[in-house]
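The next block holds one structure in the form of structure tokens; read it before the comments.
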Amino acid sequence: MKNKTKSKIKMILILAFLLFLYTTLCAFSYANTTCSKISDSVFRLHVLANSDSTEDQNLKYLVRDSLLSYMNSLCSNAKTKEEAISIANEHLSDFKELAKQTIIENGYSYNVDVQIGNFKFPTKTYGDIALPAGYYDALRVTIGEAKGQNWWCVMFPPLCFIDVTSGVVPDESKNLLKENMTEEDFSLVSESKTNNEISFKFKILEFFAGNGFITAKK
């Protein structure tokens, strides 16, 4: 009798473990696929300041403003992330020159590096749009020693304009984002969501991407 009870308990534990493993694999597969689709819809900006001093942080914002203004003028007619990246690649030297010019005009002589690549981003909220942690294609700008706090933003669709204090993403930008995503993916990143299931799915994305289970694109 005891042996039968032990066997049943053992079987239950095995089934419970297999169920847990299956659920985890399904959640990982979902997070990996969804994060990939979301990252395929946006082109981001990453600016690293020389240091955390007030002066270097203020300089970072001036460089950011210059680059965003230029990018918005270049990509005013872009409809997809691929178009935006192609345009940015064509003007990569202009972005670097603009950043250097901004730095010099403000009395500094820091070196600056500008590149397009696939980089890890934390979860960030832009007005009523939230993008989960993960790897995103981005224009990365490093100023001087690049040891200061980062600025994370979205260049396409333009979710962060020069005036980032309003906390409201323009409808035009949201519509452009919606056009480049599935309905479910847009629901995931839109903070107007009230559906518990959608919120739970977003937490799954945050967990797997934020803890390094989802890696950079090759």
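Worth a mention:
- Qualifying positions in the stretch 177-218 - surrounded by fewer than 18 Cβ atoms within 10 Å (Cβ to Cβ), in a loop (DSSP other than H, G, I, E, B) and modelled with pLDDT of 80 or more: 182
- Summed over the stretch 52-77, the residues that are surrounded by fewer than 18 Cβ atoms within 10 Å (Cβ to Cβ) and not in a helix (DSSP H, G or I) give a count of 4.
- All conditions in (1) under 20 Å from residue 203 (Cβ atoms); (2) of a type in the set (Phe, Trp, Tyr); (3) modelled with pLDDT of 85 or more hold for residue 61, with the sole exception of (1).
- Failed criterion for residue 88 (all others in (1) in contact with a Leu (Cβ under 7 Å, 6 or more places away or on another chain); (2) within 25 Å of residue 189 (Cβ to Cβ); (3) without any contact (Cβ under 8 Å) to a residue 24 or more places away in the chain hold): (3)
- Scan of the stretch 140-155 for residues that are modelled with pLDDT of 95 or more, assigned to a strand (DSSP E or B) and either out of contact with any helix residue (DSSP H, G or I) (no Cβ under 7 Å at 6 or more places or on another chain) or within 28 Å of residue 171 (Cβ to Cβ) (or both), ordered by number: 140, 142
- Checking each residue in the stretch 80-122 for being farther than 22 Å from residue 177 by Cβ and hydrophobic (A, V, I, L, M, F, W, C) picks out 92, 95, 98, 99, 103, 104, 112, 114.
- Subset of the stretch 83-131 (residues that are surrounded by fewer than 14 Cβ atoms within 10 Å (Cβ to Cβ) and modelled with pLDDT under 90): 122, 125
- Residue match in the stretch 11-32 (condition: modelled with pLDDT of 90 or more, over 21 Å from residue 91 (Cα atoms) and loosely packed, with under 11 Cβ neighbours inside 10 Å): no
- Single condition residue 174 does not satisfy, out of (1) at pLDDT below 95; (2) under 16 Å from residue 47 (Cα atoms); (3) of a type in the set (Lys, Arg): (2)
- Scan of the stretch 125-139 for residues that are under 8 Å from the mean Cα position of the chain (by Cα) and part of a loop (DSSP other than H, G, I, E, B), ordered by number: 132, 133
- Against the numbered list (1) assigned to a helix (DSSP H, G or I); (2) under 30 Å from residue 110 (Cα atoms); (3) of a type outside the set (A, V, I, L, M, F, W, C), residue 44 comes up short only at (1).
- Hits in the stretch 132-144 (condition: β-branched (Val, Ile, Thr) and buried (at least 22 other Cβ atoms within 10 Å of the Cβ)): 141, 143
- Residue satisfying condition, being in contact with a Gly (Cβ under 9 Å, 6 or more places away or on another chain) and of a type in the set (S, T, N, Q), within set 118, 111, 150: 111
- Subset of the stretch 152-163 [touching a residue at least 40 places away in the same chain (Cβ under 8 Å), surrounded by fewer than 20 Cβ atoms within 10 Å (Cβ to Cβ) and over 24 Å from residue 203 (Cβ atoms)]: 161, 162
The values are calculated or read from the model by the stated rules, or taken from the named source; none is laboratory data. Predicted model, so just to flag it, every value in this text is computed and none were measured. With ideal geometry, Cβ positions are generated from the backbone for all residues, glycine too; neighbour counts draw on all protein chains shown.
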